[in-house]
Structure formats: structure tokens, C-alpha cells
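This report concerns only the one structure given below.
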Amino acid sequence: MKNKILLVSAPFIALIFCMLFVISCASVDVVTFEREPGYIYGTGSGKTKQEAQESARNDLIASALAETQATQSYLRSKPIITSEMAKSFNLPKISPYTTEKKGGKVVVVFRLKRSEWKIIKDRHESTLRSELTAEFGDSVLNSEKSSLDRLNVAVAILTRLHSEGLYSSLTTTKQGSALFSDSIINWFKEHLSLIQPTVKIDKNFINDDSVLDITFLSADGKPVGSLPLSAKWTAPEVESEEEISLTDSKGIVSLKFPDDPDLKDKYVTLVLMPAFSKKSDDTLFLESLDNAFDWEFQFRHFKDIKKFFINEIKIPGGEFTAGSVEQDRRAELDEEPRKVTVGAFSIDKFPVTNGQYRVYLEDMKIPESEYPDFWDDSDAGNEDHPVVGISQKEAQAYAEWLNTLFDIKKRLPTEDEWEKAARGGMEGIFPWGDESPNDDVRANYNGNNRYDGTSPVGSFKNGVNAFGLFDMAGNVWQWTSTSSVEQTSEGKIKIIIKGGSWMDGPNELRVSNRKELDPSKHYGDVGFRLVREALNE
């Protein structure tokens with residue numbers, strides 16, 4: 001069945017609006033009077049007849065404007081008209097339609113023919129439209145004034161529209177439908193988009209003591225001073241209290257990171273918005289202006305940035321037996337035991353995580369198209385999971401970035417260094433000894449009954465070795481810097497990886513087990529950890 005369309009005339013809408021208004025006022029000063037078609041009514045009360053008449057005159061204008069807005073599909077709320085606003089309409093002298101005394105108050109009702117109101121409204125709007133069009137064109141659109149001066153003129157025009165009671169009804173042309181206030185807000189949005197604030201900071205890393213100096217310059221490079229700004233710091237499900245500030249004569253606003261524990265050690269966003277509506281209670285109507293535009297800056301907060309990236313265990317140097325141990329009956333030919341000597345070094349307590357690697361990618365401004373493919377996975381992409389899908393070259397690039405950041409020298413371990421660290425000073429098949437990990441409490445392997453993919457680093461506390469290293473068996477294979485004798489089909493040298501992963505059975509997690517891979521490729525179960533030579537500390 002076709003939908004029926006109900007056509008409602010403008011007078012009918014106006015009548016309904018008046019009826020709703022009478023009902024809304026019923027709880028205040030109830031006055032009963034006969035309403036005649038073709039009139040607009042206004043009711044007011046006061047201690048004196050003069051107060052009541054002034055209140056009724058203001059209400060009459062408010063009712064008339066509300067009818068206009070309702071029939072023209074603008075803001076539907078009934079405006080609040082002050083005595084100052086009422087004067088600008090220059091109403092003719094009107095005699096009270098009714099006057100009564102109720103509860104110690106005088107209640108007055110005024111009425112005005114709609115035809116008379118239309119003449120008054122059209123005259124008032126025409127005068128105001130002409131004045132504001134000229135002012136907006138001369139002092140804003142075509143002006144050589146500073147950005148702030150032009151913004152302030154635009155605010156003054158909006159303020160006048162509000163004070164005249166026409167903020168939500170005055171159109172740019174007599175027969176048009178576009179609101180004058182909307183055209184100014186649209187200009188605001190376009191103009192603010194040309195103001196590009198900059199933050200004076202080397203990297204997007206901040207801490208508890210960070211104070212950010214943000215400079216606002218206009219399109220011609222001139223400072224935008226005395227710009228009112230609202231600042232909020234946000235993180236997922238967290239938002240700081242609003243801080244109101246002004247830019248100084250150089251267009252700079254200084255903002256300190258808030259002392260909020262819920263915003264620390266995570267990615268945070270600083271949201272800046274204009275704050276013209278926050279100047280006083282009289283400017284609250286400018287909220288739509290403030291909401292027209294915002295600027296956002298993302299940072300990574302660290303309580304201790306070095307601790308976030310550097311968590312190492314010292315490994316003593318010396319001679320040890322690499323390769324298979326005597327009791328290992330599953331060793332392959334390429335795992336033959338051999339005596340090797342390594343120098344002292346430090347090694348990461350955990351594999352490098354997604355969270356650590358993401359900071360590197362963002363700081364180096366590496367395009368998202370080059371981010372690890374496996375971050376699309378709901379679990380593998382979690383910040384506390386080991387990063388996978390990283391080529392050996394990409395792992396080395398991360399190490400070089402870390403070295404520059406902290407003035408240190410970290411790198412991928414050799415196969416021998418990795419085995420020295422994994423054994424924990426013991427001669428066991430696995431990092432913790434000879435017990436198989438198939439008890440599901442020592443390592444993440446295929447069939448561990450806890451995870452179907454990577455797990456947060458350090459999840460298997462029973463699998464920590466005597467040196468205090470986690471995930472040296474299972475979770476992810478780990479790149480080394482040791483080349484294999486085996487080559488790829490393209491003739492490239494393969495690289496040794498160690499440790500086994502969540503995709504392998506428990507026997508693949510043996511310390512001496514090794515695999516050779518193409519270092520240029522990305523694998524969903526291969527990550528890395530770094531070492532630092534003791535002499536370079």
C-alpha cells in the first residue's frame with residue numbers, strides 16, 4: 001500500500017506551535033483568554049504592570065519568531081528574547097489584550113496581527129541583512145585584516161544576529177533558504193582549515209613533564225594571537241578535563257601533559273578546538289561555531305621510554321657446547337655438538353613486541369602499506385604480542401633506529417649467542433631443562449590448548465630459563481645474524497632462525513633445533529630479539 005503524504009499548511013503549523021507554547025506555560029502563570037485566528041499572542045507576568053508588559057512584549061516577539069522558524073524549517077526551539085533584543089524590532093505601541101492579577105503578580109497578554117508582524121519582521125530583517133552583508137563582505141571576506149581580526153568580526157556578526165533574535169531565521173537573501181549564520185560558520189570552517197598549527201617537538205614522544213608549544217599561523221605565515229582554544233587529551237575510553245587557553249602575541253599556546261594515570265604509557269591524542277563560546281555565559285550560543293573545526297595531534301606517552309624498549313638480561317661470556325646435548329635423541333645431523341666461545345653480552349628478556357615495533361614505524365613515518373600483514377589479525381596484532389611478518393633486514397633496521405634513539409649498539413644475535421642465552425648455563429634439551437613442553441605450561445606450541453596463534457610475551461612463566469629469559473622456546477621463531485650454507489632458489493644465502501613457534505610441535509622447540517629461511521621474506525611465525533655486546537655498554 002502506498003504511503004499517504006499529509007500536506008500541512010504554514011498557518012496550521014503556527015497554530016500547533018502556539019498551542020504547544022500555551023501548554024508549556026500552564027504550570028507558571030495560567031491565564032485563560034480567547035484566541036482569535038490571525039493573531040500572535042504573548043504572555044508575561046511581573047510584580048508591576050510595567051514588568052508584566054515588558055515580559056509579554058518579549059514573549060510576543062519570541063512566539064512570532066518561533067512561528068517563522070517552524071514554517072521555514074529552521075531551528076525549532078523558541079528563542080529567548082531580552083528587552084534589548086525586543087527594542088531592535090521597534091514594535092508599535094500595543095494595548096494589553098487582557099490584564100489580570102494572580103497570586104500577587106500582574107499577568108498581561110499582548111497580541112499582534114500576523115500581517116502587522118510580517119511587515120515589522122520583513123523591515124527589520126531587510127535592514128539587518130543589508131548591514132551585515134556589507135560588514136561581512138568588507139571586514140571579513142575582502143578584508144586585509146589579520147586572521148584574528150576577521151574571526152572576531154565574524155563572531156561579532158553572529159553575536160548581533162543572536163542579540164537581534166534572528167540567529168536561526170535570517171537568510172542571506174529575502175527569498176533564500178540559506179541562513180546567514182550558517183554562511184558565517186562555513187567561512188569559519190574554511191578559514192580555520194588554512195591555519196596550520198605546528199608543534200615544536202623532535203619526536204612524537206612525550207612524558208609526564210612534557211610541555212608542548214603549539215604555534216598557530218595564518219595562511220600568510222602571520223601569528224594568530226589571542227585565539228581562544230579548548231584543549232582535551234584523549235585515549236581509548238579516556239578523556240581529560242577541558243583546558244581553556246589563549247594563544248599569545250606570537251600565536252603560541254603552551255600545554256602541559258595532564259597528570260592522569262589513565263592517559264599514561266599509551267597513544268594519546270591532543271584535540272584542540274576554537275573556544276569562542278567559552279568566553280562567558282553570554283556566548284554559549286557560539287558552540288556550533290566552535291564545533292565547526294578541530295586540530296588533532298597524536299603522541300606516544302612514556303613514563304620511561306628507555307625502560308619501554310630496553311629490558312635486557314646479562315649473559316656471561318666464555319666457552320660452552322653449542323648444538324645438541326648428549327641426552328637429545330631427536331637431534332638432526334646439522335645439530336652436532338661443537339665447542340664455541342662467545343663474549344659477554346646482554347639480550348632482550350622478551351621478543352620485540354608489536355607495541356615496540358609500531359612506535360618505530362610511526363616515528364620513521366613508514367607508510368601503513370608496509371606494516372606487518374599479520375596486524376590485521378585480532379590477536380597477532382595486539383601490542384603485547386611478539387611482532388611477526390618481519391624480514392631480517394627490517395629487524396636490523398629496527399635495531400639501527402633503536403641505536404640512534406638511545407646511542408647504543410644493538411643487533412641481531414649470532415646463532416651461538418642465541419644458544420648460549422637459551423641454555424641458561426645448563427645442558428638441557430629445552431631452555432628450562434629436559435622436560436617436554438607438552439604439559440602446556442612451559443611454551444606456546446601447536447596443540448598447547450591455550451593459544452591458536454601468538455601469545456603475549458612472557459605468558460609462560462614456567463618456561464623461563466635460569467637466566468630469566470622468556471619465550472626462548474615456542475611462540476615465535478627468532479632471526480639470527482648467522483648465515484646458512486643453504487641457498488634459496490634465487491641463489492640468496494639463507495639465514496638461521498631459532499626457537500620454534502606456535503605453529504610447531506613440542507619437539508621443534510629444542511634449543512639446538514635450527515631452520516634456514518630466506519631473509520627477505522615475511523613469515524607469520526618469525527619474530528626477533530636483539531643483543532648488545534658488553535663492551536659497547
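Taking other Cβ within 10 Å of each residue's Cβ, how do SER240, SER130, SER210, SER512 sort, fewest first?
Numbers: SER240 19, SER130 10, SER210 14, SER512 22.
The fewest-first ordering by Cβ neighbours comes to SER130, SER210, SER240, SER512.
Give me THR480, THR48 ranked fewest to most by other Cβ atoms within 10 Å of their Cβ, as a rough exposure proxy.
Numbers: THR480 24, THR48 10.
In increasing order of surrounding Cβ atoms, one gets THR48, THR480.
Compute the Cα gyration tensor for segment 198-303, then decide on rounded, prolate or oblate, letting a ≥ b ≥ c be the square roots of its eigenvalues: rounded whenever a/c is under 1.5, prolate when a/b is larger than b/c in the other cases, and oblate in all that remain.
Working: a/c = 2.16, a/b = 1.34, b/c = 1.62.
Taking the square roots of the gyration eigenvalues as a ≥ b ≥ c, segment 198-303 is oblate.
Let a ≥ b ≥ c be the square roots of the eigenvalues of the Cα gyration tensor of segment 307-536; is it rounded (a/c under 1.5), or, if not, prolate (a/b larger than b/c) or oblate? Could the numbers behind the result be given before it?
On the way: a/c = 1.39, a/b = 1.24, b/c = 1.13.
Rounded is the answer for segment 307-536, as its axis ratio a/c remains below 1.5.
List the residues of segment 304-318 whose backbone N lies under 13 Å from a point placed 7 Å from the Cα of ALA344 along the Cα-to-Cβ direction.
314-318
Against the 2.2 N^0.38 Å scaling, with N counting residues, where does the chain land? I'd like the Cα-based Rg ratio to two decimal places. Please report the intermediate quantities before stating the final value.
Values: Rg = 36.9 Å, N = 537, 2.2 N^0.38 = 24.0 Å.
So the Cα radius of gyration is 1.54 times the expected 2.2 N^0.38 Å.
Any idea how far apart ALA134 and VAL211 come out in nm if each label point goes 7 Å out from Cα toward Cβ?
Going from the ALA134 label point to the VAL211 one covers 4.9 nm.
Just want the ordering: TYR97, TYR357, from fewest to most Cβ atoms lying within 10 Å of their own Cβ. Intermediate values should be presented prior to the final figure.
Numbers: TYR97 20, TYR357 23.
Ascending number of Cβ neighbours within 10 Å: TYR97, TYR357.
Expected output is a single nm value to one decimal: the length gained when fully extending between GLU370 and LYS93, i.e. 0.36 nm times separation in residues minus the C-alpha distance. What is it? Display every interim value, and only then the final one.
Details: separation 277, 0.36 × 277 = 99.72 nm, distance 7.54 nm.
Stretched fully, the GLU370-LYS93 segment lengthens by 92.2 nm.
Take the Cβ-Cβ distance between ASN204 and GLU490 as r, set R0 to 56 Å, and report the resulting FRET efficiency rounded to the nearest 0.05.
Plugging the Cβ-Cβ distance into 1/(1 + (r/R0)^6) gives 0.90.
Give me the dipole magnitude in Debye, nearest 20, for the chain about the Cα centre, with unit charges on the beta carbon: positive for Lys and Arg, negative for Asp and Glu.
Numbers: 65 positive and 84 negative charges, 619 e Å.
The dipole magnitude comes to about 2980 debye.
Pop the C-beta distance of TRP401 and ASN311 into the FRET formula with R0 = 22 Å and round what comes out to the nearest 0.05. Provide the component values of the computation, followed by the final result.
Details: r = 17 Å, r/R0 = 0.77.
According to the calculation, E is roughly 0.80.
Can you figure out the FRET efficiency of GLU84 with GLU296, using R₀ = 45 Å and their beta-carbon distance, to the nearest 0.05? Display every interim value, and only then the final one.
On the way: r = 39 Å, r/R0 = 0.87.
Plugging the Cβ-Cβ distance into 1/(1 + (r/R0)^6) gives 0.70.
Straight-line reach from LYS101: which lysines have a Cα under 23 Å away, not including same-chain ones fewer than 8 places off?
Cα-Cα hits under 23 Å: LYS47, LYS49, LYS93.
Spin-label point model (7 Å from Cα, Cβ direction): what's the SER245 to ASP377 distance in nm?
Computed distance between label sites SER245 and ASP377 equals 4.2 nm.
When the helices in the chain are scored as -39500 (n - 2.57) per DSSP H run of 4 or longer and the sum is shared across all residues, what 222 nm value do you end up with, to the nearest 500 deg cm²/dmol? List each step's numbers first, then the result.
Numbers: 11 runs with 144 residues, N = 537.
The helix contribution divided over the chain gives -8500 deg cm²/dmol.
Pairs of alpha-carbon atoms within less than 8 angstrom and 6+ residues apart define the contacts here; what relative contact order does segment 307-536 have, in percent?
Values: 507 pairs, mean separation 59.5, N = 230.
It rounds to 26 percent for segment 307-536.
In the structure displayed, which of LYS203/LYS409; LYS189/LYS306; LYS266/LYS494; LYS303/LYS410 lie more than 30 Å apart, Cα to Cα? Kindly include the intermediate steps, with their values, before the conclusion.
Working: LYS203/LYS409 21 Å; LYS189/LYS306 41 Å; LYS266/LYS494 37 Å; LYS303/LYS410 22 Å.
Correct reply: LYS189/LYS306; LYS266/LYS494.
Using the membrane-span-like helix rule (whole DSSP H runs, Cα extent along the own axis of at least 18 Å, mean Kyte-Doolittle hydropathy at least -1.0), which helices of the chain qualify?
Details: long enough: 10-25 (23 Å, 2.61); 49-72 (34 Å, -0.83); 114-136 (31 Å, -1.11); 147-163 (24 Å, 0.60); 180-193 (20 Å, -0.18); 392-406 (21 Å, -0.57).
Length and hydropathy pass: 10-25, 49-72, 147-163, 180-193, 392-406.
With a cut-off of 8 Å between alpha carbons and a minimum separation of six or more residues, what is the relative contact order of the chain in percent?
Computed over the chain, the figure is 9 percent.
Read-outs throughout are calculated quantities, based only on the coordinates presented, and are distinct from any laboratory measurement. Predicted model only: the values in this text are computed from it and were never measured. Positions of Cβ are backbone-derived with ideal geometry, glycine not excepted, and every protein chain shown enters the neighbour counts.
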